[in-house]
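The values are calculated or read from the model by the stated rules, or taken from the named source; none is laboratory data. Only a predicted model underlies this, so the values are computations on that prediction, with no experimental measurement involved. Because the Cβ atoms are built from the backbone with ideal geometry, glycine has one as well, and the counts that use them run over all protein chains shown. Only protein heavy atoms, including side chains, enter the accessible area calculation; ligands, DNA and RNA are left aside. Shrake-Rupley method; radii C 1.70, N 1.55, O 1.52, S 1.80 Å.
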Amino acid sequence: MPVNPLARQSIEVAIEQLGGSGAALADALKVSPGAVSMWRLGRTVIAERHFEAIVRLAGRDSSGAPRVTFDQLVRENLDVMKARRAA
């Protein structure tokens, strides 16, 4: 099953920013911890409405640039969804 590696990486960074807990990310996004777990495993595609929060939570790198942008996540998510439909 195709996964969205950029989203997975962004989720891990957001979790790290929140103290290392998937449950903390779930609370911040108002989703279940199971949803976060499924995203981390690449078993489900993240709804676009959660991307902006993940981008915000992932923060910025040492140069001040966003670690990931909303557009990057959406583009990659669309590619993953197309690959899943083709499979």
Self-check item: Distance between modelled label sites at ARG8 and SER63, nm, 7 Å Cα→Cβ extension
Solution: 2.5 nm
Quiz item: Fully extended, how many nm does the chain gain between ARG84 and ARG43 (0.36 nm per residue separation, minus their Cα-Cα distance)?
Solution: 13.7 nm
Practice problem: Report ARG67's accessible area, 1.4 Å probe, all protein chains in place, as a number in Å² to the nearest 10. | Solution: 100 Å²
Quiz item: What ³J(HN,Hα) values, in whole Hz, does the Karplus curve 6.51 cos²θ - 1.76 cosθ + 1.60 give for segment 16-32 when θ = phi - 60°, with x put for Gly and Pro?
Solution: 4, 5, 8, x, x, 10, x, 5, 5, 5, 4, 4, 5, 9, 6, 10, 7
Self-check item: Surface share of carbon and sulfur [accessible, 1.4 angstrom probe, percent] for the chain
Solution: 52 percent
Self-check item: Å² per residue, accessible surface of the chain at 1.4 Å
Solution: 59 Å²
Quiz item: Using a Gaussian network model of the chain with C-alpha springs under 10 Å, which one of SER37, SER63, SER21 is most mobile by mean-square fluctuation?
Solution: SER63
